[in-house]
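To start, the structure under review is shown below, and the notes come after it.
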Amino acid sequence: MRKPVSRTPVWVTPLAVVAGIALLVGAFLLIRWYTTPVPPPPLNVDATQRVVAAISSIPASELEAVGQGSANNVIKPVPGTMLTGPNGHPEVFYLGAEYCPYCAAERWPMIIALSRFGTFSGLKTTTSSSSDVYPNTPTFTFHGATYSSQYIDFVSVETTDRDRNPLESPTSAQQALVNQYDTSGSIPFVDFANRYAFSGAMYLPDVLSGMSWQAVADALQQADSPQAKAVLGSANLITAALCKLTADQPTSVCSSATIQAIEKTLG
Amino acid sequence: MLAGLASLAGLAISIYLTVVHYSTIPLACPASAVVNCEQVLSSRYAVIGGSALPTSAAGIVWFAIAAGLVLLRRRRALLAWSSIGLVTALFLVYIEIVQLGAVCIWCTAAHAMVLLIFLIALPRPEGDRVSS
């Protein structure tokens, strides 16, 4: 007498493998969820305005005391025809993204420096990506903000939000500038009216790690703090480049010994 | 037949990613919060051991050998080879999800081809085994 003793359906093993892999991917997602740092909630309008007001009114004496601080001078002279903006002033063009931690770091000194030549409105707080290096670096976004000045036109493009969703796209003319002056493709990229340009940050974002916006603003009031040395030092470098574009106007900003000394190093 | 097609599809994907790596051709890939080929392919994990060689180049070699094993009908060798491929693919999926927080759809398509080849190479259960 012969009788069948076992019969495994052909689909059982592949299904078991696929189920095992699905479980593994689920475990990966769970690990990711548990290990992703939570960003601080953005500040409300009033609190944001207080922080912006604080960093826009840092005394000239403190900026003078910091000098170049710990900032790395990455500004290079570039050849090209002077770029003018919508109001006929020398145009400062910024390309960055909200997820980018180096952009997050660089926006602080850019706001401080540009605020010496004009006024920002509509700045909002945000943080860099939670999943990139230097996660959740506190910063502002230029998306939706406006800048007015009698000396400078400021044009910004934030390509994505902090989750890398598309936000703004450069025009073909702006893309041409990026292709010409930012051959490495790094962001942030800043073009000072085709006279000077830089890409990357002037200091490492870890100096702002774990800080709230208000804590950064408070630290910037102390000239000997690591944040002041990095951020205000960078702001002085940017200010010097801006003074080069405005023929040292306004004199209240550009005639300072620190700015004049930095201007000489810019070439 | 299906394993051969999967090998060729994986080979084509790997060649495409390698060509994009070495040229200025823009990568055809949507960018969102989760799917972001650029983030994955520009990460330090996109090259082999800190070299300039893209991981996709290893994919070309892997799929080419898999296609050869399919052609030669070396089922056991294909199972061993696809096991190595599957473990590697799972490691890369771990990197994408846990380390980078972004998924590259081209890479995922290649990983799916590895899984398909592995499933095809699995030993089939014997039919009605009999005992007296």
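Read-outs throughout are calculated quantities, based only on the coordinates presented, and are distinct from any laboratory measurement. No experiment lies behind these values; they were computed from the predicted model shown. So basically every Cβ, Gly included, is an ideal-geometry build from the backbone, and we count neighbours across all protein chains shown.
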Problem set entry | Distant alpha-carbon pairs in chain B (separation over 26 angstrom), percent | 27
For this session: Let me know the Rg and Dmax you get for segment A:188-267 when you use only its Cα atoms, in Å.
Result: 13.9, 39
Seminar exercise, completed: Asserting the computed 222 nm helical MRE of the protein assembly as shown (DSSP H runs at least 4 long, -39500 (n - 2.57) per run, divided by residue count, to nearest 500) equals -15000 deg cm²/dmol
Seminar exercise, completed: In degrees, nearest 10, the alpha-carbon axis of helix B:75-94 is tilted away from the dominant principal axis of the alpha carbons of chain B by 30
For this session: Could you work out the per residue convex hull volume over the alpha carbons of segment A:137-258, in cubic angstrom?
Result: 138
For this session: For chain A, set up a Gaussian network in which alpha carbons nearer than 10 Å are linked by springs, and say which option among A:THR141, A:THR251, A:THR160 fluctuates the most.
Result: A:THR251
For this session: Could you tally the net charge around B:GLN39, taking each other residue with its Cβ under 15 Å from the Cβ of B:GLN39, Lys/Arg +1 and Asp/Glu -1?
Result: -2
For this session: Calculate one ³J(HN,Hα) per residue across segment A:40-48 by plugging θ = phi - 60° into the Karplus curve 6.51 cos²θ - 1.76 cosθ + 1.60, and present them in order as whole Hz with x for glycine and proline.
Result: x, x, x, 6, 6, 4, 4, 5, 4
Problem set entry | Karplus (6.51, -1.76, 1.60) ³J(HN,Hα), θ = phi - 60°, over segment A:184-192, in Hz, Gly and Pro reported as x | 7, x, 7, 10, x, 10, 10, 10, 8
Problem set entry | Integer Hz, Karplus 6.51/-1.76/1.60 couplings in order for segment B:95-106, x for Gly and Pro | 4, 4, 6, 7, 7, 9, x, 8, 10, 9, 5, 5
Seminar exercise, completed: With Cα coordinates, the longest principal axis of chain B makes an angle with the long axis of helix B:55-71, in degrees rounded to 10, of 20
Seminar exercise, completed: Measuring from its Cα centre, the protein assembly as shown shows a charge dipole (+1 at each Lys and Arg Cβ, -1 at each Asp and Glu Cβ) which, in debye to the nearest 20, is 2200
For this session: Take the Cα of A:GLN175, step 7 Å along the line toward its Cβ, and report every residue of segment A:81-102 whose backbone nitrogen sits under 18 Å from that point.
Result: A:94-97
Seminar exercise, completed: Gyration tensor on Cα atoms of segment A:45-266, a ≥ b ≥ c root eigenvalues, a/c under 1.5 rounded, else prolate if a/b beats b/c, else oblate, says rounded
Exercise. Counting only residues 5 or more places away or on other chains, whose amide H sits under 5 Å from the amide H of A:THR126 once H atoms are built in the peptide plane?
Worked result: A:THR139, A:PHE140, A:THR141
Exercise. Based on the Cα gyration tensor of the protein assembly as shown, what are the three equivalent ellipsoid semi-axes, each the root of five times an eigenvalue, rounded to whole Å and given largest first?
Worked result: 56, 22, 16
Exercise. Which residue, chosen from A:GLY96, A:LEU63, A:SER115, occupies the Cα position most advanced towards the positive end of the dipole of the protein assembly as shown, where the dipole is computed from +1 (Lys, Arg) and -1 (Asp, Glu) charges on Cβ about the Cα centre?
Worked result: A:GLY96
Exercise. Given a Förster radius of 41 Å and the C-beta distance between A:THR36 and B:ILE25 as r, what FRET efficiency does 1/(1 + (r/R0)^6) yield to the nearest 0.05?
Worked result: 0.80
Exercise. Can you tell which of A:ARG32, A:ARG50, A:ARG162 shows the greatest fluctuation in a Gaussian network model of chain A with Cα springs below 10 Å?
Worked result: A:ARG32
